[in-house]
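Heads up: the structure comes next, in structure tokens.
The values are calculated or read from the model by the stated rules, or taken from the named source; none is laboratory data. Bear in mind that the values here come from a model prediction, so they are computed numbers and not experimental data. Heads up, the Cβs are rebuilt from the backbone with ideal geometry, glycines too, and the neighbour counts pull from every protein chain shown. Heavy atoms of the whole protein, side chains included, go into the accessibility calculation; ligands, DNA and RNA do not. Shrake-Rupley method; radii C 1.70, N 1.55, O 1.52, S 1.80 Å.
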Amino acid sequence: MEDDSEHEQSCWAYLPDVCLSHVFWWLDDRDRSQAALVCKRWSQAMYAGSLWRTRTITFCGRPSRLHTSELESSLWYVKKFGKYLEHLEVRFLNPYNAILTRKFQVTMKGLLSRLGKCNSRLVSVSMQHLELDRLVWKIVTRNQFIKNLILFLKRVGSHLDHLSLKGARVTLEEGCELLSSLSYLKNKSLASEVNIENFFERHLAVYRSPLFYETMSKFRNLAILSLNYNCISDELLDTLCEHNAHSLWTLNIKCHIHDPHRQIIWGVSWGNLAKRAPKLRVNFFFERVMKHDKLARILLAEIPVRSINLRSCYFRDPDWTMRPTLTNLLPFYKHILQKLTLEFNNSHEFLDEELLQLVLSCRKLFFLKIWAFLDITFVERLLQNQVEGKCTLRTLKVRIYTSQHETNQEDHMLREIYIRYKDLINSELNYFVIAYPMM
């Protein structure tokens, strides 16, 4: 028995460092702390900087023991290992009342203050969906949180490469001050990725603000920029062209029905940016902005569009038609479009032929997702064209709406289509097709 025990200990004693680190990687904070008590070597493994470079801190928006534990754990982590941190993500999930937002603000004040003083490695910060315009954020709490965040970004901004404040919902002045804090020390920011989608409060016409242009002019190395269409203007495109053309390769633009989106932008501004930034890819996400006249004002032929996402969220308007968009507008991009997502309620018009012709004309299209009223034969025709080499899809996701409760007949037909094209689907496609009752 003693020999067996000694042999077992010797096996653990000679476990390679890389394997030991890998084991510790999968443990949570409590288990890591307990494992570190086993021996000196395991204790040293726990304090390896590579284990603590990435951290996701989740705050529950409802009172619970888990919420309290998360607060304590986050502060313990920053005190012990904050100096190793390189990637920080903070999640605050649907705060229930003003008491919890206040606790979150106080905790974040201590956490950010400590990190700002001890950390010089941080390259990525993500705090998404804070929704600071909600009533659970009292004015004093909200202002103090923004102040603490600005001070933190001023301290770490010089070496920060990625910032995501998606869904923060701040005022124009607060938003510009937060973004300007990244350039506090050098009067310019070298951050390569910035996500300010839904960053400003709803209904703000950010494109009219000279303060916003001045703020964005301080970014000199942007590669990926995500924002709302109510921020886009000729002045912003000229600013990006002047300071970021050498690095810019992705623009993600969201256009929501409730955000101002009637501004006029000249095609020459997009053309100049596309010429100066030849690797630029523009991805559009439309939320309930579906009418052809509105889309035509936004989707100009000079834009190097790679992805279009049109979602109506089950909204139905008998006066609206999708046909002009499919036949006249989207074909502008048939030589460059790679991803297309269409989700709309077309119960009043039949669009199978227009959709099929659009897909066949887009020779670089590899991702297709459609939720619409379609005939089952649409899928079969699409797969047959794939067999014949007339399209080169790699992902096909289709939800076929029906006006009946039962979809047994449609399910049977889809099953037969799958069997007929099984070899193609299994070898070439990420395939997901269902019938869905839309009542």
Classify the chain from the C-alpha gyration tensor, please: rounded if a/c falls under 1.5, else prolate or oblate depending on whether a/b exceeds b/c. oblate
Residue-span extension gain [Phe332 to Lys188] - 0.36 nm each, minus C-alpha spacing: 48.1 nm
Output row, site Arg415, 7 Å Cα→C-beta label point, backbone N cut-off 19 Å, window the stretch 350-388, residues 376-377, 379-380
Given the C-alpha centroids of the stretch 228-274 and the stretch 393-427, what is the distance between them in whole angstrom? 39
Given the options Asn119, Asn230, Asn187, which has the most mean-square fluctuation in a GNM of the chain, springs set between C-alpha atoms less than 10 angstrom apart? Asn187
Could you calculate the contour length gain from Cys313 to Arg363, that is, 0.36 nm times the residue separation minus the distance between their Cα atoms, to one decimal place in nm? 15.2 nm
Carbon + sulfur, % of accessible area of the chain - ligands and nucleic acids excluded, 1.4 Å: 52
How far apart, in nm, are two points set 7 Å out from the Cα along the Cα-to-Cβ line at His348 and at Tyr77? 5.1
Within the chain, which complete DSSP H helices have Cα atoms spanning at least 24 Å along the helix axis and a mean Kyte-Doolittle hydropathy of -0.5 or higher? 98-118, 139-156
Taking a probe of 1.4 Å and leaving out DNA, RNA and ligands, the chain shows per residue an accessible area in Å² of 50
Classify the stretch 195-254 as rounded, prolate or oblate from the Cα gyration tensor: take a ≥ b ≥ c as the square roots of its eigenvalues, call it rounded if a/c is under 1.5, otherwise prolate when a/b beats b/c and oblate if not. oblate
Can you tell me the dipole magnitude for the chain around its Cα centre, using point charges on the Cβ only (Lys, Arg +1; Asp, Glu -1), in Debye to the nearest 20? 1660
Among Asn426, Tyr401, Cys391, which residue has its Cα positioned farthest towards the positive end of the charge dipole of the stretch 388-439, with +1 placed on the Cβ of Lys and Arg, -1 on the Cβ of Asp and Glu, and the dipole taken about the Cα centre? Cys391
Restricting to Cα pairs below 8 Å that are 6+ residues apart, what does the relative contact order work out to for the chain? Please round to a whole percent. 7
If each of His22 and His405 carries a label point 7 Å out from its Cα toward its Cβ, how far apart are those two points in nm? 5.4
Mean residue ellipticity at 222 nm from the helices of the chain, using -39,500 (n - 2.57) per DSSP H segment of n ≥ 4 over the full residue count, to the nearest 500 deg cm²/dmol? -12000 deg cm²/dmol
